[in-house]
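K.L.:
The structure under discussion is supplied below as C-alpha cells; questions concerning it will follow.
The values are calculated or read from the model by the stated rules, or taken from the named source; none is laboratory data. It should be emphasised that the depicted structure is a prediction, and the values quoted were computed from it without experimental measurement. Reconstructed Cβ throughout: ideal geometry from the backbone, glycine too, with neighbour counts over all protein chains shown. SASA here: full protein model, heavy atoms, side chains in, ligands and nucleic acids out. Shrake-Rupley method; radii C 1.70, N 1.55, O 1.52, S 1.80 Å.
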Amino acid sequence: MQKDIPTKPWRGSPLQGGGEAGVGGCGGGGCVRRALADGKLDSGGCGCHRVVFSCCSPDVFRQMMVRIRKAGLPLEEYVFLYIDVFGDSLNSNPRQPWARGDHDDHIAMEAYQSVKILTYREPQNKEYQDFVRHLKIDAAKNFNFTINDSLMNIIPGGFYDGLMLYTHALNETLSPSGERPPGRTVTEKMWNRTYHASRSLVQLVPTGTEADANSHAVMSRWRKSSVHQ
C-alpha cells in the first residue's frame, strides 16, 4: 500500500435516495470519481491510489459499488474499505450486504468481491450484557421505549463508563468538609488507572488517553467462496 495516500476526502455526486457517498483515498478524484460522476472510464493509464474508503448508509454504498462495476472499473486492482459504524449492512441472515432482491444483485455481488467492511465488535463480557439488560428495562419502564439489540448500545455504554469513572474520581478527591475539589484535581485522579468498565477492561495512561484492552474492528472480505453462504 502506498504511504502517500491523500487525506483530503472527495464527496461523490448525489446517489438515489438522497444519499451521498463520501470517498477518500483516490488521488485527486481519479478513476473512481469519473466512474461515479460519468458512469464511464477514460482510456489510458490511471495513477490513482488503489485503496478507497467510504462512510455512508448501506444502500448508498451499494449504489456506489453497482455504478462503479457498471462503469467497468477493474475491481481486482482496488480495495474498497466501507466504514459501517453500526454494522447495519451485516444484519441480513444470511449475511449478504449486497442483496436487495432486485436486478442489480448479481452486479453488486461481483462488486463486493473488492469490499472490506469495517465495524465494531460488540463486547461479549458479562458486565456489558448486564448493562444492556438494565438499559432495556429502564427504557421500557421510565420512557415506554423499546431498545433492540444493536451496536448502538455501545454509545450509552461509553457514556456510562465515563460517568462512573468521573464519579469514582470525584469521591476520591472530595475533602472531609464536602467542598468541591478543583476540576484539574479530579481530572488527574482519572489518569493512570485501570478499571473494569461495562464494555471491557479500560486503561488510562498518565496523560488521560484511554486504551481499551478489547477494542478492535471486525473486517469482512466478501470472496467468491463465501458470497453464497
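K.L.:
Take the residues in the range 136-166 that are small (Gly, Ala, Ser) and over 23 Å from Arg193 (Cβ atoms), then tell me which one is least open to solvent (accessible area, probe 1.4 Å). Even if it seems obvious, please write down each step before you answer.
P.N.:
Narrowing the range 136-166 to residues small (Gly, Ala, Ser): 139-140, 150, 157-158, 162.
Subsequent filtering for residues that are over 23 Å from Arg193 (Cβ atoms) retains 139-140, 150.
Values: Ala139: 10, Ala140: 54, Ser150: 35 Å².
My answer is Ala139.
K.L.:
Still on this structure, I have one more. Just one of (1) loosely packed, with under 15 Cβ neighbours inside 10 Å; (2) modelled with pLDDT of 90 or more; (3) closer than 27 Å to Met152 by Cβ trips up Asn91, so point out which.
P.N.:
(2)
K.L.:
Condition check: open to solvent by 20 Å² or more (accessible area, probe 1.4 Å) and touching a strand residue (DSSP E or B) at 6+ places or on another chain (Cβ under 6 Å). Does Val79 satisfy that?
P.N.:
Working: open to solvent by 20 Å² or more (accessible area, probe 1.4 Å): yes; touching a strand residue (DSSP E or B) at 6+ places or on another chain (Cβ under 6 Å): yes.
Here the answer is yes, as Val79 does meet what is asked.
K.L.:
Another question, if that's okay. Taking Val202 as the residue in question, decide whether it is farther than 30 Å from Ser57 by Cα and outside any loop (DSSP other than H, G, I, E, B). Let's see the steps before the verdict.
P.N.:
Values: farther than 30 Å from Ser57 by Cα: yes; outside any loop (DSSP other than H, G, I, E, B): yes.
Considered against the rule, which asks whether it is farther than 30 Å from Ser57 by Cα and outside any loop (DSSP other than H, G, I, E, B), Val202 comes out as yes.
K.L.:
Follow-up. Looking at the range 55-150, what helices (runs of 4 or more DSSP H) fall wholly within it and have at least 1 residues that are farther than 30 Å from Val202 by Cβ? Don't jump to the end; show me each part of the working.
P.N.:
Values: elements: 58-70, 105-111, 126-143.
The helices (runs of 4 or more DSSP H) meeting that bar are 58-70, 105-111.
K.L.:
I want to confirm something. Restricting to the range 151-190 and keeping residues that are polar (S, T, N, Q) and assigned to a loop (DSSP other than H, G, I, E, B), which single residue is farthest from the chain's Cα centre (by Cα)? Talk me through it step by step, then tell me what you get.
P.N.:
As a first pass, look at the range 151-190 and keep what is polar (S, T, N, Q): 153, 167, 171, 173, 175, 177, 185, 187.
If we keep only those that are assigned to a loop (DSSP other than H, G, I, E, B) as well, we get 175, 177.
Working: Ser175: 42, Ser177: 46 Å.
It comes out as Ser177.
K.L.:
Under 15 Å from the mean Cα position of the chain (by Cα), at pLDDT 85 or above, hydrophobic (A, V, I, L, M, F, W, C) and under 25 Å from Tyr195 (Cα atoms): does that describe Leu118?
P.N.:
Values: under 15 Å from the mean Cα position of the chain (by Cα): yes; at pLDDT 85 or above: yes; hydrophobic (A, V, I, L, M, F, W, C): yes; under 25 Å from Tyr195 (Cα atoms): no.
When the stated conditions are applied, Leu118 does not pass them.
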